[in-house]
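**Student:** Below are the C-alpha cells for one structure; questions will follow.
The values are calculated or read from the model by the stated rules, or taken from the named source; none is laboratory data. Because the structure is a prediction, the values reported are computed rather than measured. Neighbour counts run over all protein chains shown; Cβ positions are idealised from the backbone, glycine included.
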Amino acid sequence: MAEARCPTCRTFAFLETQECDRCGDSIGYHYPSLSFVPAPEGGTEIDGTRWRRCANWPWQCNWLVSSEDESARCFSCRLTRRSPEADDTIALEKLAEAGVAKRRLLVQLLELGLPIVPFHEQEGGLAFDLLSSRSGAPVVIGHADGVITIDLAESLDAHREALRVRLGEPYRTMLGHFRHEVGHYYQQVLIAAEPLLGECRGIFGDERASYADAIERHYEFGAPGDWAANYISEYATMHPWEDFAETFAHYLHITGTLATAAAAGVTLQSELVDDLLVADVVPVDDYSGLGIDRVLADWHWVSLMFNRVNRSMGQRDLYPFTLTQPVMDKLAFVHRLVTAEAQRGS
Ligand SMILES: [Zn+2]
Ligand SMILES: [Zn+2]
C-alpha cells in the first residue's frame, strides 16, 4: 500500500511526511516493513535494533537507517552515487525534491517485490546520479549499466513544462522520469537470457538495432503517423529499449495509482458509473495474484474517474493516454515479468 498511516494516531500520512498533520508526532519511514514508525531525534527501537533518522532528514528525507549500518544515510540516499557540490544550495534543494520522487519509486519497487541491488554491493547495481544542468555541465537523463542519471533542473516547473510542450508530451514529471529509467534497469537485470529475451524481442522488437541511428531518426522525422495504434507514446517508437522502458513506466503508473486508490478506500459502484459497467470496481493494492485483464479493467474505470475529477478542477487529464490492444499486450508481458520475479524472490 503506497500510502501509510501515522503510527501514533493512525491518521493517513503521505509518503513524504516527517511530522503527522494530526498529532504532530515525528514519524519516519521504516522501509523493511513498508510503514511509518515514531522517529524521535534519538531514534526508535524496532525488533531489538535502533533506527535513527537519515542524515539527510534536514533535506526532507524521512527514511530511517539502522544503527547496524555503517552509514548515517538511509538505503535510499546511499543509492545516490553522484549529487551536486556541497556549496550548490540551489541544486541541493532540487535534490531534496527529487528525493521525494525517488523514495516513492523505491517503495513501489519494494512493494512489487523487485530486487534492488545497490551499486556499492555489486558491479552494475542500481545507482542514481542526480545532477543539475543549471550548475554547469549538461546532464542527459538516462540509464547505463545500472546508473540512472536525472537532471535536477526538471524539478523546476518552468523548465520541465517548456520541455514537455516542445516535445509534444502529454505528461512529464520527475516521478515519471524515475519510473522510465528504472525500466531500462530492469530490462537489463531481468531479461538477460532465453526464453525471456526472445519473447521480449518478439513483443518490443530487436534491441540490437542501432540506438544512435534511432535517436537521429526520431529527432529528424519524429514518430510515424500511426504510432498511437501500437505504442503508448511517441517516444516509445524510437527504439525497442525505449518502448520497453515506457511500457514499464506505465505499468508502475497504473499499479501504483490503483494501489493508492485501494488504500484510499475507493470503490466504484457500477449502477452509478456507466451502463457498460456490470460489476463494482474494487481496486486492490496487490495485483500479483491476478491477471493483467483485471489490472486493465480496474484501470479503465479508475483512470476515467480520475480524469473526470481533474477536469472538474480545470486540470489536464490525470492519465492522458489510450491503451490499445498491442500496448496492453506489452503491459501483459511486464506484468508477467514482475510477478514472476516477485515469486522467485519471496
Ligand atoms: Zn499522528
Ligand atoms: Zn535518506
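**Student:** Within segment 224-239, which residues are small (Gly, Ala, Ser), buried (at least 16 other Cβ atoms within 10 Å of the Cβ) and closer than 21 Å to Cys200 by Cβ?
**Tutor:** Ser233, Ala236 - these are the residues of segment 224-239 that are small (Gly, Ala, Ser), buried (at least 16 other Cβ atoms within 10 Å of the Cβ) and closer than 21 Å to Cys200 by Cβ.
**Student:** Now a separate question. Would you be able to tell me the number of residues in segment 269-303 that are surrounded by fewer than 16 Cβ atoms within 10 Å (Cβ to Cβ) and not in a loop (DSSP other than H, G, I, E, B)?
**Tutor:** Total satisfying the criteria: 8.
**Student:** Tell me, yes or no, whether segment 304-311 has at least one residue that is among the aromatic types (Phe, Trp, Tyr) and assigned to a loop (DSSP other than H, G, I, E, B).
**Tutor:** The answer is no, given that none of the residues of segment 304-311 is among the aromatic types (Phe, Trp, Tyr) and assigned to a loop (DSSP other than H, G, I, E, B).
**Student:** In the list Ala39, Ala55, which residue meets the criterion of being of a type in the set (A, V, I, L, M, F, W, C) and buried (at least 17 other Cβ atoms within 10 Å of the Cβ)?
**Tutor:** Answer to the check: Ala39.
**Student:** Those residues that are under 24 Å from Gly124 (Cβ atoms) and not aromatic (Phe, Trp, Tyr), I need them from segment 206-237; list them, please.
**Tutor:** Residues satisfying the conditions are Asp206, Glu207, Arg208, Ala209, Ser210, Ala212, Ala214, Ile215.
**Student:** Still on this structure: Would you mind stating whether Ala96 is within 30 Å of Ala137 (Cβ to Cβ) and either away from ligand 1 (no atom under 16 Å from the Cβ) or not acidic (Asp, Glu) (or both)?
**Tutor:** Yes; evaluated as a whole, the condition is true for this residue.
**Student:** Right, here's the next one. Could you please find all residues in segment 189-206 being within 14 Å of Glu242 (Cβ to Cβ) and either surrounded by fewer than 16 Cβ atoms within 10 Å (Cβ to Cβ) or modelled with pLDDT under 95 (or both)?
**Tutor:** Passing the criteria: Gly205, Asp206.
**Student:** Could you check how many residues of segment 287-346 are without any contact (Cβ under 8 Å) to a residue 12 or more places away in the chain and touching a Cys at 6+ places or on another chain (Cβ under 8 Å)?
**Tutor:** 0
**Student:** How about segment 304-339: which of its residues are surrounded by fewer than 16 Cβ atoms within 10 Å (Cβ to Cβ) and among the β-branched types (Val, Ile, Thr)?
**Tutor:** Val309, Thr322, Thr324
**Student:** A further question on this structure: Are there strands (runs of 3 or more DSSP E) fully within segment 1-91 with at least 1 residues that are within 28 Å of Gly125 (Cα to Cα), touching a residue at least 60 places away in the same chain (Cβ under 8 Å) and more than 16 Å from ligand 1 (Cβ to nearest atom)? List them.
**Tutor:** Output list reads 80-82.
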